[in-house]
Amino acid sequence: MSVRRVVPIAMRLSWLVLIALAIGEFVTDLPGPGWATTLLPALVLLALMVATMSLQARAAAPRGEPGPPVEVAPPVTGRWKALNSPADKVPSHGTHAYGQTYAIDIVAEPETAEGEAPGRPGAGPATRPQAEPATRPQAEPAPRPEAGPVTRPAFRLFWPVVRRNRAFPAFGAPLLAVADATVVVASDGQRDHLSRNSLPALAYLMLAEAPVRSIVGAHRIIGNHVILDLGGGTYAVYAHLRRGSLRVRAGDRVRAGQGIGRVGNSGNTTEPHLHFHLMDGPDPDAARGVPFTWRGVGVPANGETFTVVEQEERGGQPTEEQAEKQAGRPAEQQAGRPVVGRAAGS
C-alpha cells in the first residue's frame, strides 16, 4: 500500500480517536487526572494530525516540473465564470490533496452580454457547421437544461442564511464527457444540500461540516461524482453532481460531448457548481493532479467568463436543425468554420 493511500487513512483514524477521547471524558469517569487521560492524548493526536495533513499534501504534490497540459473539450456549454482557477495559483484550492492541484470551479453566469445569447447553460451563440461525414458515429445528445433563473444570487452577510438550489442557474445544467473515455466511478446517491452562501452558513460549512466530511473520506468531500479514464494514465473528475442525475455507470464507454449527468450541490460546496480536475490515477486519495486546458477556451482565470457553444457532440459540429434554430437563417447559408468556444473578460 502506497504512502499516499496510508496517510489519509491514518488521519481519519486520528480524528476518530480524538472524538472518542472527547466523548469518553464526558460520559465516563476515567481513572487519573483529566490532563493525563484526555488532554495529553488529545494534544498528541492533534500534533500527529497536523503532521499527517502536511505529509498528505506533500505526498500528493507533483514531482518535478509539471508536464504539458492535457487538452480536453469543455465539460459544459453556455456562459460560465471560473473560480479557484489554476491559471492564478497552484495548487488552485490551497492543497494538493485528492489530486486537485490543477482543479477549477465554475459557476453559471448566463446573463446576456454583448455578442452572446441569453439563457441558461446549454444555450450558446450561433455556430457555422461543416458537412458531417455520413459514416461518422453520433454521440448521445446532451440533456437539455431545465427552465430556471438566469441570474446567480450574490453572497449575503446574514440573510437569507441559505437558498434553495433552484435559485442558482448552474443547478441542473448538463455535463458532457470531455473526451472519448471509460467510466471508472459513477456515484450519485448523496443529497443536494442548501446553499452556504451567507456568513453564518459558510462558518457552519468550514467549522463543522467540512471536518466531518474529511473524516468520512474523499467521496464525501467531492459529493456525487464521475471519474473518466481518458487513457494514457489520465483521469477526469466531475464533482458535486446532482443526486440521481447520472446517465452513465462504471464500465460504460462514452463519446466526447455525450451527456453524463447534471450540475448539483452535493459534497463540500457553498452553492451549485462544477468542480473539475485531471489526475494521474482513479483514486483521489492516492492520485496527483495533472494540468489541463479546455479546447477553444484554455484555462480561464478567476472571475473570467467564458462561453462554449452547444454542439451535437464535442469535437463535432451542430446538426443542421440546431444551426438553423441558433442562427435564425437556413443552415445551407451557414457553411464555414465552426466556433468551438471562446473566453471573455468578466
> Listed residues Val162, Val150; which is over 16 Å from the mean Cα position of the chain (by Cα), part of a loop (DSSP other than H, G, I, E, B), at pLDDT 50 or above and closer than 22 Å to Arg220 by Cβ?
Replying inline: Val162
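Residue-wise test of (1) over 14 Å from the mean Cα position of the chain (by Cα); (2) part of a loop (DSSP other than H, G, I, E, B); (3) within 28 Å of Tyr204 (Cα to Cα).
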residue: Arg262; (1), (2), (3): no, no, yes
residue: Ser266; (1), (2), (3): no, yes, yes
residue: Pro272; (1), (2), (3): no, yes, yes
residue: Phe276; (1), (2), (3): no, no, yes
residue: Ala286; (1), (2), (3): yes, yes, no
residue: Thr293; (1), (2), (3): yes, no, no
> Which of the residues that make up segment 187-217 are hydrophobic (A, V, I, L, M, F, W, C) and either in contact with a Lys or Arg (Cβ under 6 Å, 6 or more places away or on another chain) or not in a helix (DSSP H, G or I) (or both)?
Replying inline: Leu194, Leu202, Leu205, Ile215
> How many of the residues in segment 168-211 are over 20 Å from Gly261 (Cα atoms) and touching a Pro at 6+ places or on another chain (Cβ under 6 Å)?
Replying inline: 0
> Does Arg329 qualify as being modelled with pLDDT under 50 and closer than 26 Å to Phe171 by Cβ?
Replying inline: no
>> Can you go through Arg262, Arg247 and tell me which one is of a type outside the set (Ser, Thr, Tyr), surrounded by fewer than 22 Cβ atoms within 10 Å (Cβ to Cβ) and under 30 Å from Arg163 (Cβ atoms)?
In response: Arg247
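Okay, residues lined up against (1) surrounded by 22 or more Cβ atoms within 10 Å (Cβ to Cβ); (2) at pLDDT below 95; (3) of a type in the set (Phe, Trp, Tyr):
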| position | (1), (2), (3) |
| --- | --- |
| Arg63 | no, yes, no |
| Pro66 | no, yes, no |
| Glu71 | no, no, no |
| Val76 | yes, no, no |
| Pro86 | yes, no, no |
| Gln100 | yes, yes, no |
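Mind checking whether some residue in segment 206-219 is over 29 Å from Leu13 (Cα atoms) and surrounded by fewer than 19 Cβ atoms within 10 Å (Cβ to Cβ)? Explain how you work it out, then say what you get.
Initial filter on segment 206-219 (over 29 Å from Leu13 (Cα atoms)): none.
No, the conditions are met nowhere in segment 206-219.
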> How about segment 230-244: which of its residues are outside any loop (DSSP other than H, G, I, E, B) and buried (at least 18 other Cβ atoms within 10 Å of the Cβ)?
Replying inline: Leu230, Thr234, Tyr235, Ala236, Val237, Tyr238, Ala239, Leu241
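Here are some residues: Ala256, Ala181, Ala201. Which one is among the small types (Gly, Ala, Ser), open to solvent by less than 40 Å² (accessible area, probe 1.4 Å) and either modelled with pLDDT under 95 or within 16 Å of the chain's Cα centre (by Cα) (or both)?
Numbers: Ala256 fails: either modelled with pLDDT under 95 or within 16 Å of the chain's Cα centre (by Cα) (or both); Ala181 fails: either modelled with pLDDT under 95 or within 16 Å of the chain's Cα centre (by Cα) (or both).
Answer to the check: Ala201.
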> Looking at (1) farther than 27 Å from Pro74 by Cβ; (2) buried (at least 16 other Cβ atoms within 10 Å of the Cβ), can you tell me which one Arg163 breaks?
Replying inline: (1)
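Answer with yes or no whether Ala154 is surrounded by 18 or more Cβ atoms within 10 Å (Cβ to Cβ) and not β-branched (Val, Ile, Thr).
no
The values are calculated or read from the model by the stated rules, or taken from the named source; none is laboratory data. Since the structure is predicted, the reported quantities are computational estimates derived from the model, not experimental observations. In this analysis, Cβ positions are derived from the backbone assuming ideal geometry, glycine residues included, and neighbour counts consider all displayed protein chains. Just so you know, the surface numbers come from the protein's heavy atoms only, side chains and all, with ligands and any DNA or RNA stripped out. Shrake-Rupley method; radii C 1.70, N 1.55, O 1.52, S 1.80 Å.
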